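Note sheet for the following structure.
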Amino acid sequence: MHDPLVKRTWESIGEPARRLVVERADIVAELCARTMVALTEALERELGKEKGCAVAREAFERRFERRETEATPAPEQAPVTAENRSLQAFAALVDEVCQATQDFCRVEDRPDRVAYRFTRCVWADHFRRLGRPDIGHWFCDGDDRWARSFNPQIGFQRTQVLMDGDECCDHVFYVEGPLTGNG
């Protein structure tokens, strides 16, 4: 975690509270994974494997479309600037969002490139255990969209994926050209 406020907040709650937050996040992730698998498999039984899975995935992805539009501040909020939509601001968000559900570290931290090594992911743990990493991949497949919804000039690449059984996920977020205030 490199965002000073997030790091201070996470450290200030103490180890017992952090363990509790991680345990609760794991419980929520397991419930979510079990629900997604159950719903997808029900659709597959009803519509056939391919069609049922496609319908479930489409519904899942629509959730991201709503979040992408919500990622743009309303007019009464602070205007979008290069600073609040920078790669570093996005990396701080990644740190915050992932702190209770993944084990990770930044392996590179430059103004134009931030790389992570994720060695544990609750989503990969649960979906692989349930025998449906294909459904869990829907989370993985959203990483690029998440970065681009934050700022269209933030690119993403990854060559290893825990969901596939690799030893880590190697996320790299980078700036594609100069960042501008309007994305």
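The values are calculated or read from the model by the stated rules, or taken from the named source; none is laboratory data. None of the values given here were measured: they were computed from a predicted structure. All Cβ positions, even for glycine, are placed from backbone atoms using ideal geometry, and neighbour counts span all protein chains on display.
Descriptive notes on the structure:
- Single residue of Ala82, Ala42, Ala59 found to be closer than 28 Å to Cys105 by Cβ and either surrounded by 15 or more Cβ atoms within 10 Å (Cβ to Cβ) or modelled with pLDDT of 70 or more (or both): Ala82
- Taking (1) of a type in the set (Val, Ile, Thr); (2) buried (at least 18 other Cβ atoms within 10 Å of the Cβ); (3) modelled with pLDDT of 95 or more in turn, Val107 satisfies each apart from (2).
- Cross-chain or 6+ apart pairs with Cβ under 7 Å, region 1-28 first and under 20 Å from Phe118 (Cβ atoms) and modelled with pLDDT of 75 or more, then part of a helix (DSSP H, G or I) and of a type outside the set (Asp, Glu): Ala25/Val122; Asp26/Val122
- For region 111-141, a tally of residues being aromatic (Phe, Trp, Tyr) and in a helix (DSSP H, G or I) returns 4.
- Some residue of region 142-157 being touching a residue at least 60 places away in the same chain (Cβ under 8 Å), within 30 Å of Lys49 (Cα to Cα), in contact with a Phe, Trp or Tyr (Cβ under 9 Å, 6 or more places away or on another chain) and among the aliphatic types (A, V, I, L, M): no
- When region 142-172 is filtered for residues that are in a helix (DSSP H, G or I) and surrounded by 15 or more Cβ atoms within 10 Å (Cβ to Cβ), the ones remaining, listed by number, are Asp143, Asp144, Arg145, Trp146, Ala147, Arg148, Ser149, Phe150, Leu162, Met163.
- When Gly183, Gly165, Gly177 are checked against the criterion of being out of contact with any Ser or Thr (no Cβ under 8 Å at 6 or more places or on another chain) and at pLDDT 95 or above, Gly165 stands alone in meeting it.
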